[in-house]
Amino acid sequence: MGSGVGGGGGRNKYGSLNLTDLPQDCIATVISFTSPRDACRLSLVSTTFKPASESDAVWESFLPSDHQASIPSSLSFSSKKELYLSLCENHILIDGGRK
């Protein structure tokens, strides 16, 4: 009959897969379709979501696709999240100061 509690294979007693059993890169991909605010909130929800929501893959999705060309080489960031947060506070003018 049913798989029961601890039935193996990452499934709960109802036979459904637990979200926390997914690989971190899958969780990060899902989080990348949310917003920066949601990613920050999800990092507080569980220890499973925290590394995924703080991954560079997630924060890369929130940055403009051409962001690397707009960032002065003198600036250095330890993560894409740090870069995103820095750009939110310290705007960089591009296109001759028109954008």
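Assorted remarks:
- Sub-9 Å Cβ pairs linking a first residue in region 25-42 that is touching a residue at least 24 places away in the same chain (Cβ under 8 Å) and more than 12 Å from residue 60 (Cα to Cα) to a second residue that is open to solvent by 40 Å² or more (accessible area, probe 1.4 Å) and assigned to a helix (DSSP H, G or I), at least 6 apart or interchain, are 25/57; 27/19; 27/20; 27/42; 27/51, ordered by first then second residue.
- Residues of region 29-59 that turn out to be assigned to a helix (DSSP H, G or I) and touching a Ser or Thr at 6+ places or on another chain (Cβ under 8 Å), as a count: 12
- Looking across region 31-53, the residues that are crowded, with 16+ Cβ neighbours inside 10 Å and of a type in the set (A, V, I, L, M, F, W, C) come down to 31, 39, 42, 49, 52.
- One residue stands out among those in region 69-99 that are under 23 Å from residue 53 (Cα atoms) and among the acidic types (Asp, Glu): the one that is most open to solvent (accessible area, probe 1.4 Å), which is 89.
- Extreme residue, nearest to residue 39 (Cα to Cα), among residues of region 61-79 that are modelled with pLDDT under 95 and in a helix (DSSP H, G or I): 67
- Residue selected from region 43-72 under the condition of a type in the set (A, V, I, L, M) and touching a residue at least 24 places away in the same chain (Cβ under 8 Å), by the criterion nearest to residue 94 (Cα to Cα): 63
The values are calculated or read from the model by the stated rules, or taken from the named source; none is laboratory data. As the structure is a computational prediction, the values presented were derived from the model and not from experiment. Because the Cβ atoms are built from the backbone with ideal geometry, glycine has one as well, and the counts that use them run over all protein chains shown. Areas reflect the complete protein model, heavy atoms only, side chains present, ligands, DNA and RNA absent. Shrake-Rupley method; radii C 1.70, N 1.55, O 1.52, S 1.80 Å.
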